[in-house]
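Shown next, in structure tokens, is the structure this report addresses.
The values are calculated or read from the model by the stated rules, or taken from the named source; none is laboratory data. Just so you know, these numbers come straight off a predicted model, no measurement behind them. Quick reminder, even Gly has a Cβ in these numbers, built from the backbone with ideal geometry, and neighbours come from all protein chains shown.
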Amino acid sequence: MTLRDGHQSLLATRMRTADMASIAAEMNKAGFYSIEAWGGATFDVATRFLNEDPWERLRLLKKLIPDTPLQMLLRGQNLVGYRHYADDVVTAFVSHAARLGIDVFRIFDALNDERNLKTALDAVKSCGKQAQLCICYSLTGPKMGGAIYNLDYYVNKALVLQNMGADSLCIKDMAGLIAPDDAYRLIKALKRELRIQVQLHTHYTSGMASMSYLKAIEAGVDVVDTALAPFALRSSQPAIEPLVAALQGTPRDTGLDLSQLVRLGQHLESIGARYRQFLDTTRLAVIDTSVLVHQIPGGMLTNLVAQLREAGVLDRIDEVYKELPRVRKELGTPPLVTPISQIVGVQAVQNVLFGRYKMVSTQLQDYVYGLYGRPPGPIDPDVQKTVLKNYKRGQTPITGRPADLLEPELAGAEQATRGIARDIGDVLTYILFPTTGLHFLKQKYGLETAEAKA
Ligand code: CO
């Protein structure tokens, strides 16, 4: 996870291609199950802030990492962007990424709506690559169970994904919420019910992650996600080195060479100084204990506090803590994952400041209308009516797959980038990020200077 989630979680996704390249060949030899090195926020940040071509990064990494499968994180129909793209774009993106070197596509949807995974899944299968489908891990209460996110929810969802054709399943716990005993129960049940491999992804955020991995390993999990020590812990993954040491001589011995891992870590330390400014050093603690109390993902909490501080009403945070679960329930208890977590959080704050649903965002209207997909629970009918009252698309939500409403986009984008884009990768960069992506392409081909961007 070091080359994607590690620096995305700790260093604002700022790691440069040259620094990845300096360690890639050594990582290739370490014997990892796979190396996640692409996707997620890396695409956006590379073109927006680093003036680097993500497709070139992929080409280079594949050359340096020929033996270990390369993995990427794909946000279902959102690809590596922030909205739903038309099916022709999804298919073109997946086949280009597969052609340039991605072996394992890890695909998730923020609402766990499997219909949003379907087009990407089919595209991955037709390229002959591994399609790993995810369930976003979320909670109804402090532990697994309750009305929505109980053991049956996860097992039933996993069976749906397996029947769709998933090659493997990942429980994706982006907020680091999974407790050790829940990890054991969940993995045990999944291993009993599924025939495909089960992988666990969590973050160290709450401090429980290493304990949860150990319990998941006891329960028979096939793969767990880790990062090399300098890019581990805090809001990133558990570190690989202590886990490898802990499992030595047990039936789950990883067989990985600890001294080789330590050497890789030393190399990362030598380049890490360059990125230190991006590390959050505001607190002494490397864990976020408020996650344990409120189950609110760390990033979401930061946004809430910023929003309240800006309005000069930080003292009303306790009211927001009370309002948040209520809003979430009324909205169908969605997982608190980007971008849904922002929509829910902003609404909870507005409800406290201006009265319940007196002010609603367009994003909330889109969500209630069904443009993000189907939430795990029902949306409160009164809230639905209030939110959609003056909505431009109508008052009756859609029930179908959101992307069915989208017209093909590829041909139009090819037209719009004529004379600029030189291959399908360039066209996709433009579709994903029409403003910053176009600036990037113009700079790449010397049609615009870096100054012009500012
Ligand atoms: Co993650």
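Residues are listed down the side, and each one gets a yes or a no for (1) within 14 Å of the ligand (Cβ to nearest atom); (2) surrounded by fewer than 19 Cβ atoms within 10 Å (Cβ to Cβ); (3) farther than 26 Å from L256 by Cβ; (4) among the β-branched types (V, I, T):
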position	(1), (2), (3), (4)
Y137	yes, no, no, no
Y184	no, no, no, no
K191	no, yes, no, no
E218	no, yes, no, no
V224	yes, no, no, yes
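Collect the residues in region 393-441 that are assigned by TED's automatic domain parsing to the domain that holds V368 and of a type in the set (K, R), keeping them in residue-number order.
R393, R401 - these are the residues of region 393-441 that are assigned by TED's automatic domain parsing to the domain that holds V368 and of a type in the set (K, R).
Considering only region 1-17, I want to know if a residue exists there that is touching a helix residue (DSSP H, G or I) at 6+ places or on another chain (Cβ under 6 Å), within 20 Å of I271 (Cβ to Cβ) and among the acidic types (D, E).
Looking for residues that are touching a helix residue (DSSP H, G or I) at 6+ places or on another chain (Cβ under 6 Å), within 20 Å of I271 (Cβ to Cβ) and among the acidic types (D, E), one finds none in region 1-17, hence no.
Does L73 meet the test of being over 23 Å from Y275 (Cβ atoms) and not polar (S, T, N, Q)?
It is false that L73 is over 23 Å from Y275 (Cβ atoms) and not polar (S, T, N, Q).
Tell me, which residue of region 193-216 that is within 16 Å of the ligand (Cβ to nearest atom) and hydrophobic (A, V, I, L, M, F, W, C) is farthest from R106 (Cα to Cα)?
M208
Is there a residue being within 12 Å of the ligand (Cβ to nearest atom), under 15 Å from the mean Cα position of the chain (by Cα), part of a loop (DSSP other than H, G, I, E, B) and buried (at least 18 other Cβ atoms within 10 Å of the Cβ) anywhere in region 3-12?
no
Would you be able to tell me the number of residues in region 34-84 that are among the aliphatic types (A, V, I, L, M), in contact with a strand residue (DSSP E or B) (Cβ under 7 Å, 6 or more places away or on another chain) and in contact (Cβ under 8 Å) with a residue 60 or more places away in the chain?
The qualifying residues number 3.
For a quick check of your reading: which helices (runs of 4 or more DSSP H) sit entirely within region 174-286 and have at least 2 residues that are of a type in the set (S, T, Y) and without any contact (Cβ under 8 Å) to a residue 12 or more places away in the chain?
258-272
Tell me which helices (runs of 4 or more DSSP H) are completely within region 379-439 and hold 3 or more residues being among the small types (G, A, S), or say none if there are none.
The qualifying helices (runs of 4 or more DSSP H) are 410-416.
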